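The values are calculated or read from the model by the stated rules, or taken from the named source; none is laboratory data. Not measured: the values here are computed from a predicted model. Note that we place each Cβ from the backbone using ideal geometry, even for glycine, and neighbour counts take in every protein chain shown.
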């Protein structure tokens, strides 16, 4: 039997695994489209060409060029980022590492919804700043990152590859260099059947036409002319969108809020420069010699003429008038596909895991037919003005529980539409409805979440990661962690490269359209994610993904390390949260040998969903507790199942709410640390960090300062030390006027500790009592040896006798960043260290006596080390706030 059109449509959706179509945006309000945006989509339907931009991180992409390619040239445009930006700093909150990576992933998706490109990633973990590609490739699994890049190229089949960076030191960051090196290798490997042959079960080899580097004046020497490069003007104006590509780019780039990359709109000419790297060089245009019309598709010339006719007849005041023409185009595309599919099995193929090599070859040969078929479905829905959504009655649901889903549809036009829907391609909730013009039709579905449904953890965070790679295994290998818990790292090959998980639950919609002039009803299928919708009194109507949660969640305070400087016990609060009603069991705190947690177990019963119960365990080190860092874990037992994941929601207005399920673990630190005279500390938060909690763990009383009211010499006088959080001088405008008050506090005898400040965008030119020139200098090798420049310096000796090991042993990601490059002689440098092959950096700690007090600047990455439970970081912090022990 031939493969049905319905099966073909689903196969199309499954195979375009990371294709975010015109209308599909997970966790977003159903988007409405203006008639001019529909016309732009029609024009794009008639362009058969593709381009892929490659770089290392979120915010590396050239958003203006992406906007130009996607909307000006109407190309299938993609951005491949090697990492999710997990190693950066966070300007909008305290999230770091994996949580920051989730934020930056969503910021990229928000940017792509504006500029019209698609987003992809590799499995590389952004481990922080790297100075060379050689260092990067000692931490990344180069072959795996290359495989991911090749996999996406083979799926998306770009005609042209473009890199943001050169493959050498001019790129600056080692990740930048590495992305360009990998792109050049992927250019060749994607077309070589001997490279990554395991992928050919699902995709076919693909050879792009050419590879270029998108260079610019920032990569050339001062005064060097930009002659001999291929150029294009990406600064044009798009009348259908009412914006220039520079304006679109500014809105897109401004989604990178966690990095502080708000951008001003640019209008007018904007010349982009390109240097040839590989393939067939172009003389005047990046895409010369590449047929971008339907003629490149066998039998496609006639389809192109049909699309031309739809565009010619398009009525901006009545887009639904184009439905008949679009259905004819779609019928022609699907007829061509049907002929090809007829030679293969009639079995419906829900995802690419079931393809054989012959089918994969078929998919490769008909990539553009599949892509354009998907676009046609989007354009038909947009032209009809259909509004369809599926809304869950609650934001979370546990496995085995029943969720109520309201599936609603509205047909605002005169075209006769019949709507059939069902859940996840099954017969559950199947209903057939006629959609009369202008009336909402809604139906209530009740669905039991099956035991095989996974919790909604981002797929790259399902198991532990290494420093350089997320461990995602398409082969399905399970391992055990240190507590004997099974770690499930398997994800299907179809997810590799995708920016996020598919929707946990979806409604499949089948639209039957009856149009005069077409003999039989036409069917259109598409997927609608089930979401939760609520109304915020300030922000209005909001959508967020429906999250599948465990029956019970186990939460330990985030970003807290439990630090024991003596034998005194500490309280460890563990909060249980019910994912479903009527959950009961026992809770225990698992600790390493030499530690004691009381009580041993606690029984719990949570009657209602979302009920919480907090249990305070008393934790103390015994005589045999080893010095250094260990780990504790909270475990809830319900029946025969054990649960050790909590729940964390990341909520910001510019991205959909993200729900994560972190392991209920925390660093456990036993160390010898002394305290001196300091008791009360005032802490002025900057961009956000967890250092105040670390100070409390050491026994200090910490008060968070209000920049509007507390920054006066009189109010500050109550504190023994004042600490400024990371990037305070970048984000707190109040410091422009209150800096004299802070310095007055120091002059009167106080200790002021300033943590790292980014060298660009400070709110005032001088952040210290004497001249200090900030720079981007850093030491990226976290365990690089440290030497003491002034061994007798008070901050190295009191109240704790520090050793070089305190500055290196167990450190994570980097040793320090944004070190000053020049400083007044009043500042005393204390330590020195350097990355391999470089000279010493001596400004990780600068101490300046000022009046009766002391001003200290440090670029040490304490904001990373303290939450990670690095023992030496706590000892260093104690000495810094004690001002050397008066």
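A few remarks follow.
- Taking helices (runs of 4 or more DSSP H) as the structural unit, those lying wholly within segment 21-137 and holding at least 2 residues that are assigned by TED's automatic domain parsing to the domain that holds residue 266 and in contact with a strand residue (DSSP E or B) (Cβ under 8 Å, 6 or more places away or on another chain) correspond to 63-67, 97-115.
- Just one of (1) closer than 24 Å to residue 680 by Cβ; (2) under 29 Å from the mean Cα position of the chain (by Cα) fails for residue 777. It is (1).
- Subset tally (residues that are farther than 27 Å from residue 624 by Cβ and either without any contact (Cβ under 8 Å) to a residue 24 or more places away in the chain or in contact with a strand residue (DSSP E or B) (Cβ under 8 Å, 6 or more places away or on another chain) (or both)) for segment 665-692: 11
- Among the residues listed as 761, 699, the single one being out of contact with any strand residue (DSSP E or B) (no Cβ under 6 Å at 6 or more places or on another chain), surrounded by fewer than 21 Cβ atoms within 10 Å (Cβ to Cβ) and either under 30 Å from residue 567 (Cα atoms) or not assigned by TED's automatic domain parsing to the domain that holds residue 811 (or both): 699
- Under the condition of being exposed (fewer than 14 other Cβ atoms within 10 Å of the Cβ) and over 19 Å from residue 690 (Cβ atoms), the residues counted in segment 570-583 number 1.
- Restricting segment 693-743 to residues that are assigned to a strand (DSSP E or B) and in contact (Cβ under 8 Å) with a residue 60 or more places away in the chain, the residue that is nearest to residue 857 (Cα to Cα): 723
- Residue satisfying all of: in segment 556-569; touching a strand residue (DSSP E or B) at 6+ places or on another chain (Cβ under 7 Å) and without any contact (Cβ under 8 Å) to a residue 60 or more places away in the chain; surrounded by the fewest Cβ atoms within 10 Å (Cβ to Cβ) among these: 567
- From the list 877, 860, the lone residue that is within 21 Å of residue 129 (Cβ to Cβ) and in contact with a helix residue (DSSP H, G or I) (Cβ under 9 Å, 6 or more places away or on another chain) is 860.
- Residue check for residue 527: in a loop (DSSP other than H, G, I, E, B), in contact with a helix residue (DSSP H, G or I) (Cβ under 7 Å, 6 or more places away or on another chain) and at pLDDT 85 or above: no
- With respect to the stated conditions, residue 612 is over 29 Å from residue 626 (Cβ atoms), assigned by TED's automatic domain parsing to the domain that holds residue 646, surrounded by fewer than 14 Cβ atoms within 10 Å (Cβ to Cβ) and touching a strand residue (DSSP E or B) at 6+ places or on another chain (Cβ under 7 Å).
- Across segment 732-750, the number of residues qualifying as more than 22 Å from residue 883 (Cα to Cα) and over 41 Å from the mean Cα position of the chain (by Cα) comes to 0.
- Among the residues of segment 598-624, those identified as closer than 13 Å to residue 635 by Cα, more than 34 Å from the chain's Cα centre (by Cα) and assigned to a strand (DSSP E or B) are 601, 602, 603, 604, 617.
- Only one entry of 329, 391, 307, 323 meets the criterion of being under 30 Å from residue 579 (Cβ atoms), surrounded by 15 or more Cβ atoms within 10 Å (Cβ to Cβ) and either modelled with pLDDT of 90 or more or within 32 Å of the chain's Cα centre (by Cα) (or both), and that entry is 391.
- Test: residue in segment 635-656 that is within 24 Å of residue 575 (Cα to Cα) and in the same structural domain as residue 738 (by TED's automatic domain parsing): no
- Index of the failed condition, residue 713 passing every other in (1) at pLDDT 95 or above; (2) closer than 21 Å to residue 680 by Cα: (1)
- Filtered residues of segment 209-235 (kept if part of a loop (DSSP other than H, G, I, E, B), at pLDDT 80 or above and touching a strand residue (DSSP E or B) at 6+ places or on another chain (Cβ under 7 Å)): 209, 216, 229, 234, 235
- Any hit, segment 800-808, residues being farther than 23 Å from residue 729 by Cα, in a helix (DSSP H, G or I), in contact with a strand residue (DSSP E or B) (Cβ under 8 Å, 6 or more places away or on another chain) and modelled with pLDDT of 95 or more: yes
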